[in-house]
Amino acid sequence: MDYVPTKPLVIGHRGASGYRPEHTLESYRLAIRLGADYIEPDLVATRDGVLIARHENEISQTTDVAAHPEFAGRRTTKIIGGAEVSGWFTEDFTLDELRALRATERLPGVRRQNTIFDGRFTVPTFQEILDLASAEERRLGRPIGVYPETKHPSYFASIGLALEEPLVRTLYRNGFADRNDHILIQSFEPSSLLKMHEMTEIRLIHLFEEPPTDLEAIATYAYGIGPDKNLLVADPRMVHRAHEAGLAVHAWTIRAENQFLPAGYRIGAEPGQRGDVTAEYEFFLDMGVDGFFTDHPDTAVAAVNAVRRHRVPASVG
Ligand code: G3P
Ligand code: CA
């Protein structure tokens, strides 16, 4: 399929995770309020097969599970994606049990202000996130897209909790089944994407942390690629080549604090202080990227709007 340029998308990475504990309804709600076009839940499964939003299936970094004595015996060690991981795992809890937990800030050192929300928000299900997007869409009168990612899909399939079927089924039940819907499904694992390519026409994004090789082959099943932003810095022609292959390009992840910015965009020496994140957006907009995953959606909206004022308008996608 030919590449069609659209307004660059602002994707609220784990919601507005620069301002609220990630993957909570409050984080997604704020991302929408700040103007994000899409909100991004990473998805894992519970023991009873319910999709919930967490970046990892190990949840001690982003919930208060360690403070629950009733779950102390669930602490264990597993091999996930080839690495030994110790802690508490979503697949060992039913949804009812997980309801007892509360979210915590992943980066308390850099985002100390977010810790005031620790213990206040629950871990949402994918259905609750779709409900939120739909309610906000009606309230605001603009499309609110949802951009789910299958996390550790091979691992979950290996323990009998494959993510793809419940993901596609949940989307279908909510009325999402084709490429025109404001849904994008992402994964790092090609096998997960190929499985979903057989199941749905919803657009797929292949994520990369290493350079993608055969863009034409990727274009046979994916709408676009999601490269680590550093890959684009190392290979500025990648965006053009992807467009030539008919693929959109969504870069990850832009964060406003110095710690996450290239040296030239930092302001001062404090890792948690805001740097010149606008300059980083402008760099990637000039390159022609079609969207950003960002922890600070308001900063991306401002940068996209400022650049668009100086350019010929493209269609909105
Ligand atoms: O999904 C895009 C980006 O979020 C990939 O990185 O690790 O934050 O899920 P991660
Ligand atoms: Ca993600």
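For the stretch 15-74, what % of the accessible area comes from carbon and sulfur atoms, probe 1.4 Å?
Numbers: 910 of 1840 Å².
Here it works out to 49 percent.
If you build the convex hull over the alpha carbons only and average its shadow over all orientations, what do you get for the chain? Give it in nm² to one decimal. Before the final figure, lay out each step's value.
Working: hull surface 64.2 nm².
Across all orientations, the chain yields a mean hull projection of 16.1 nm².
Rounded to the nearest 500, what is the 222 nm mean residue ellipticity of the chain from helices alone, with -39500 (n - 2.57) per DSSP H run of 4+ residues and division by all residues? Could you put the intermediate results ahead of the total?
Values: 11 runs with 94 residues, N = 317.
Result for the chain: -8000 deg cm²/dmol, rounded to the nearest 500.
Solvent-accessible surface of the chain, taken per residue with a 1.4 Å probe and all protein chains present: 43 Å².
With a cap of 14 neighbouring Cβ atoms within 10 Å, and only residues DSSP puts in a loop, list the trypsin sites (Lys or Arg not before Pro) found in the stretch 194-285.
Values: sites: K195, R203, K229, R237, R241, R255, R266, R274; in loops: R237, R255, R266.
Qualifying residues, ordered by number: R237.
Number of Lys pairs in the chain with C-alpha atoms less than 25 angstrom apart, excluding same-chain neighbours closer than eight positions?
Details: K7/K229; K78/K151; K151/K195; K151/K229.
Going through the chain pair by pair, I get 4.
Taken as Cα centroids, the stretch 1-75 and the stretch 117-160 sit 7 Å apart, rounded to the nearest whole angstrom. Extents of the stretch 106-148, largest first, come to 36, 19, 19 Å (Cα atoms, principal axes, whole angstrom). For a modelled paramagnetic label at T6, 7 Å from Cα along Cα-to-Cβ, the residues of the stretch 277-297 in reach, with backbone nitrogen under 12 Å, are 290-292. Taken along the Cα-to-beta-carbon direction at a fixed 7 Å, the label points for E128 and E198 span 3.3 nm. Among the trypsin sites (Lys or Arg not before Pro) found in the stretch 1-97, not one is both in a DSSP coil and sparsely packed, with 11 or fewer other Cβ atoms within 10 Å of its Cβ.
Projected label points at Q259 and A83, each 7 Å from Cα along the beta carbon direction, are separated by 1.6 nanometres.
Given their separation in residues at 0.36 nm each and the Cα-Cα distance between them, I267 and R139 gain 42.3 nm when the chain is fully extended.
Straightening the chain between D96 and R33 buys 19.7 nm, computed as 0.36 nm per residue apart minus the Cα-Cα spacing.
Which order do H243, H296 take by accessible area at a 1.4 Å probe, largest first?
On the way: H243 35, H296 5 Å².
Sorted by accessible area, descending: H243, H296.
The values are calculated or read from the model by the stated rules, or taken from the named source; none is laboratory data. A quick note: this is a predicted structure, and the numbers were derived from the prediction, not measured. All Cβ positions, glycine included, derive from the backbone under ideal geometry; neighbour counts span all protein chains shown. Side chains are part of the model used for accessible areas, which takes the heavy atoms of the whole protein and leaves out ligands, DNA and RNA. Shrake-Rupley method; radii C 1.70, N 1.55, O 1.52, S 1.80 Å.
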